[in-house]
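Below: one structure, written as structure tokens.
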Amino acid sequence: MKILVTGGAGFIGANFVHYWLENNIGDKIVNLDALTYAGNLESLKDLTGNKDYEFVKGDICDEEFIDKLFKEQKFDLVVHFAAESHVDRSVLSSKDFVITNVEGTMNLLDAAKNNGNVRFHHVSTDEVFGSLGEKDKPFNEKTPYDPRSPYAASKASSDHLVRAYFHTHKLPITISNCSNNYGPYQFPEKLIPLFVTNLIEDKKIPVYGTGEAIRDWIHVDDHNRGVEMIIKKGVIGETYCLGGSSEKQNIEITERILKLMGKGSEMIEYVEDRKGHDLRYAIDFSKATTELGWSPVIDFDKGLEATAQWYKENQDWWKKIKSGEYKEYYKKQYQK
Ligand code: NAD
Ligand code: DAU
């Protein structure tokens, strides 16, 4: 198979590229990424010279470029990760979120439709379902959409478009809505890598509000294995919820990270809460278990410990991000 992965220089996409090439020998991946602030080719350094992997720098919002790419490359499958992904940034400004997540997705859908109805998997989030109360039942595929941040609204909008192309144009799509990922190569603006790297640098860690918000954490490899199973066994037109069975309050995660890093609670700085902060996300993934045989297998404590260890052992990777130096890698490798 020849696969277009969008956003493969980001956190989940880079892990997916590694995962897929290791587990699907012979398949070819074209990684299309605009290298926004979140894209980092250093995460894929080890694939330099791999004949089954190609990097293409490009913007999913560039309609003509995208159509040409589909015509030239003749993909069998699109796995769409590219997005603006950070809620706090969407609170500051919505524009890039709407342009990339909605218009960019539409361009990809059009290119897939106009170039042979290419199989399309859309990677989405549990945030489209809104916020749960402490006693509410977890989200499932039938939960009504109720996005509450500009990020979540833009992802919800993209989900609706993807389903509309299935109903209107018979485009062979599937969608996954997954909970909070953690693991290697995550940009250190998100909770876990921010806290781990700050503590390595002996900096304080900013807990929003009282730290009472709850997220359901899943290791990125469990998520990507779920995406793989949906691609291989999922029913066309269907949506699958993926989750980690690991609901934790932010303060609990914070305490675990402090312990792993050998630091005390004096490193916590309670800061102003996120605007419109969703209280709780939780996922009922029984459809994926029943229909695909998928469930998460990575134990949260072990996964978190391995992840903290990865950031300890790969300080060069994240220190270059914090200093801005990571942007030089593309210039050196690709603009000789
Ligand atoms: P990320 O921010 O780490 O990576 C996004 C990637 O997309 C970057 O490499 C960036 O350069 C690229 N990109 C952005 N705009 C682009 C454009 N216009 N054209 C081409 N490339 C562009 O994000 P992530 O955390 O890896 O998330 C990947 C996907 O998974 C997103 O769609 C996100 O909504 C979804 N998701 C994320 C999580 C999570 O916990 N991180 C959970 C569920 C779903
Ligand atoms: O649920 C899936 C979503 O998870 C994905 O769709 C998003 O792309 C991804 O960014 C993530 O969104 P969250 O907002 O849940 O993740 P974040 O790591 O930004 O925050 C996790 C929780 O920690 C949230 O309740 C806010 C809180 N937080 C976050 C940061 C960055 C803090 O208390 N302090 C912080 O500095």
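Counting Lys and Arg as +1 and Asp and Glu as -1 over every other residue whose Cβ lies under 11 Å from the Cβ of Ala82, the net charge comes to -3. What's the Kirkwood radius of segment 93-135 in Å, using all Cα pairs? About 12.7 Å, per the Kirkwood formula over Cα pairs. What value does segment 1-84 have for Rg/Rh, both radii from Cα atoms and Rh as Kirkwood defines it? A ratio of 0.93.
Averaging 1/r across all pairs of distinct Cα atoms in the chain and inverting the result yields a Kirkwood radius of 20.3 Å. Distance distribution note for segment 38-99: the fraction of Cα pairs above 17 angstrom is 57%. For segment 198-250, taking the reciprocal of the average inverse distance between every pair of different Cα atoms yields a Kirkwood hydrodynamic radius of 14.0 Å. When the convex hull of its Cα atoms is viewed from all sides, segment 264-325 shows a mean projected area of 8.1 nm².
Can you give the calculated 222 nm mean residue ellipticity of the chain, where each DSSP H run of n ≥ 4 adds -39,500 (n - 2.57) and the sum is split over every residue, rounded to the nearest 500 deg cm²/dmol?
Per the formula, -12000 deg cm²/dmol.
Here the dipole of the chain is about 560 debye; that uses its Cα centre as origin and unit charges on the Cβ of Lys and Arg (positive) and Asp and Glu (negative). For a 31 Å ceiling on Cα separation, which of these pairs sit above it: Lys135/Lys312; Lys28/Lys332; Lys204/Lys327; Lys155/Lys332; Lys95/Lys232? Pairs exceeding 31 Å: Lys135/Lys312; Lys155/Lys332; Lys95/Lys232.
Estimated at the nearest 10 Å², the accessible area of Val78 is 0 Å² with a 1.4 Å probe.
In this structure the amide hydrogen of Asn181, modeled in the peptide plane, comes within under 5 Å of the amide hydrogens of Ile218, none closer than 5 places in sequence on its chain. Considering segment 31-146, its Cα convex hull presents a mean projected area of 9.6 nm².
How big is the gap, in Å, between the Cα center of segment 80-145 and the Cα center of segment 259-336? So the two Cα centres are separated by 20 Å.
Return one whole number: the accessible area per residue of segment 124-215 in Å², for a 1.4 Å probe.
39 Å²
Among Arg119, Arg148, the sequence by solvent-accessible area, most first, with a 1.4 Å probe is Arg148, Arg119. For Leu171, the residues whose amide H sits under 5 Å from its own are Phe166, ignoring neighbours fewer than 5 places away on the same chain, with H placed 1.01 Å from N.
Taking a straight line from the alpha carbon of Lys319, these aspartates and glutamates sit under 15 Å away, with near neighbours fewer than eight places off in the same chain left out: Glu42, Glu189, Glu201, Asp202, Glu328.
The values are calculated or read from the model by the stated rules, or taken from the named source; none is laboratory data. Bear in mind that the values here come from a model prediction, so they are computed numbers and not experimental data. For neighbour counting, all protein chains shown are included, and Cβ atoms are generated from backbone atoms with ideal geometry for every residue, glycine included. Surface areas here come from the heavy atoms of the whole protein model, side chains and all, with no ligands, DNA or RNA. Shrake-Rupley method; radii C 1.70, N 1.55, O 1.52, S 1.80 Å.
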